[in-house]
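Notes for the one structure printed next.
The values are calculated or read from the model by the stated rules, or taken from the named source; none is laboratory data. Treat the numbers as computed from the prediction; the structure is a model and nothing was measured. Cβ sites come from the backbone with ideal geometry, for glycine too, and all protein chains shown count toward neighbours.
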Amino acid sequence: MSETIHDLRTQLKDEAENYGAKALGVADLEALSQRYPDALALVPAGFSRAVVTGIRLSDAVLETVEDRPTALYFHNYRQANYQLDRLAFVLADRIQTAGYRSLAIPASQIFARDPMRGQVSHRLLGRAAGLGHIGRSGLLVHPRYGARMRYISVLTDAPLSADVPFEGDCGACRACQAPCPAAAIRDTPETFDLDACYRKLSEFTRIPFVGQHICGVCVKACAGSN
Ligand code: SF4
Ligand code: SF4
């Protein structure tokens with residue numbers, strides 16, 4: 001194998017930046033499973049790392065969001081997901097070409113209901129990869145960009161060096177609580193009312209030119225420090 005594992009990580013980071021990524025980290029999946037035993041229940045076995053990378057949503061688009069999603073927000077959200085899925089495809093191919101297994105997890109795809117969940121939680125993986133903390137809203141909060149990011153994950157058995165999980169919390173901030181149209185955001189991520197949020201998102205699917213379970217209100221409220 002011609003390239004070292006360090007070279008591979010550098011290549012992945014460079015590729016992600018070419019796609020506009022603002023953050024990239026590597027999560028240790030064994031440590032994640034010890035903390036969250038159910039976290040990898042829907043993915044095949046044999047992966048030891050997750051490469052997690054994120055791109056930024058548009059501040060100008062989020063300014064159009066008041067108490068519900070707008071058509072512009074839906075477009076920005078969807079384009080972010082397309083870009084992330086393309087990026088994950090390329091990263092997975094890089095890893096496979098280097099001789100390792102790789103599995104790109106879709107940016108936004110429902111794999112189970114009650115409770116609704118994707119194949120893995122990009123938020124949990126992002127925290128494990130050192131990219132931010134889980135906020136009161138349940139979103140991954142990046143220290144610079146807040147919750148105005150979206151993420152993608154590529155699982156692999158490549159022995160990439162893992163980053164240190166992010167330790168932190170929202171501190172005194174409660175900026176997303178009052179604007180939430182479902183009153184779903186409580187004091188801690190553990191007490192977040194997922195059912196209330198989901199009911200509100202179901203209402204929002206009836207908004208013309210949106211038609212998706214999206215919102216954007218707590219994303220807008222969590223602007224980070226930039
Ligand atoms: S997505 Fe909307 S309804 Fe759900 S917690 Fe955020 S602001 Fe509240
Ligand atoms: S807006 Fe404040 S309270 Fe809400 S998730 Fe972000 S940092 Fe936490």
Going by the structure shown, is C215 touching a Ser or Thr at 6+ places or on another chain (Cβ under 9 Å), at pLDDT 95 or above and either within 9 Å of ligand 1 (Cβ to nearest atom) or under 30 Å from S48 (Cβ atoms) (or both)?
no
Residue tally, condition crowded, with 24+ Cβ neighbours inside 10 Å, away from ligand 1 (no atom under 15 Å from the Cβ) and not in a strand (DSSP E or B), over the range 132-152:
1
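Yes or no, residue by residue, for (1) at negative phi; (2) within 16 Å of the chain's Cα centre (by Cα); (3) not small (G, A, S):
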{"residue": "D67", "(1), (2), (3)": "yes, no, yes"}
{"residue": "N76", "(1), (2), (3)": "yes, yes, yes"}
{"residue": "A80", "(1), (2), (3)": "yes, yes, no"}
{"residue": "R86", "(1), (2), (3)": "yes, yes, yes"}
{"residue": "V90", "(1), (2), (3)": "yes, no, yes"}
{"residue": "A98", "(1), (2), (3)": "yes, no, no"}
Which members of the range 191-226 meet the condition of being within 17 Å of the chain's Cα centre (by Cα), surrounded by fewer than 16 Cβ atoms within 10 Å (Cβ to Cβ) and of a type in the set (A, V, I, L, M, F, W, C)?
L194, A223
Residue, nearest to ligand 1 (Cβ to nearest atom), within the range 95-131, restricted to residues that are modelled with pLDDT of 95 or more and in contact with a helix residue (DSSP H, G or I) (Cβ under 6 Å, 6 or more places away or on another chain):
A128
Looking at (1) surrounded by fewer than 12 Cβ atoms within 10 Å (Cβ to Cβ); (2) closer than 16 Å to G146 by Cα; (3) in contact with a strand residue (DSSP E or B) (Cβ under 7 Å, 6 or more places away or on another chain); (4) not aromatic (F, W, Y), which is the only condition S161 fails?
(2)
I'm told P179 meets every condition in (1) loosely packed, with under 15 Cβ neighbours inside 10 Å; (2) under 17 Å from the mean Cα position of the chain (by Cα) except one. Can you identify the failing condition by its number?
(2)
Checking the condition assigned to a loop (DSSP other than H, G, I, E, B) and crowded, with 16+ Cβ neighbours inside 10 Å, which residue from V26, V65, V51, V61 passes?
V65
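Would you mind finding the one in R136, R174, R148 that is modelled with pLDDT of 95 or more, in contact with a Leu (Cβ under 6 Å, 6 or more places away or on another chain) and within 11 Å of ligand 2 (Cβ to nearest atom)? Give the steps one after another, and end with the answer.
Details: R136 fails: in contact with a Leu (Cβ under 6 Å, 6 or more places away or on another chain); R174 fails: in contact with a Leu (Cβ under 6 Å, 6 or more places away or on another chain).
Just one listed residue meets the conditions, R148.
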Please determine whether any residue of the range 189-197 is within 16 Å of ligand 2 (Cβ to nearest atom) and part of a loop (DSSP other than H, G, I, E, B).
yes
Go through the residues of the range 113-128 one by one and say whether even a single one is at positive phi and away from ligand 2 (no atom under 16 Å from the Cβ).
yes
Given the conditions (1) in a loop (DSSP other than H, G, I, E, B); (2) crowded, with 19+ Cβ neighbours inside 10 Å; (3) more than 16 Å from ligand 1 (Cβ to nearest atom), and given that L155 satisfies all but one, which numbered condition is not satisfied?
(1)
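Give V164, V219, V210 a once-over and let me know the one that is touching a residue at least 24 places away in the same chain (Cβ under 8 Å) and in a helix (DSSP H, G or I).
V219
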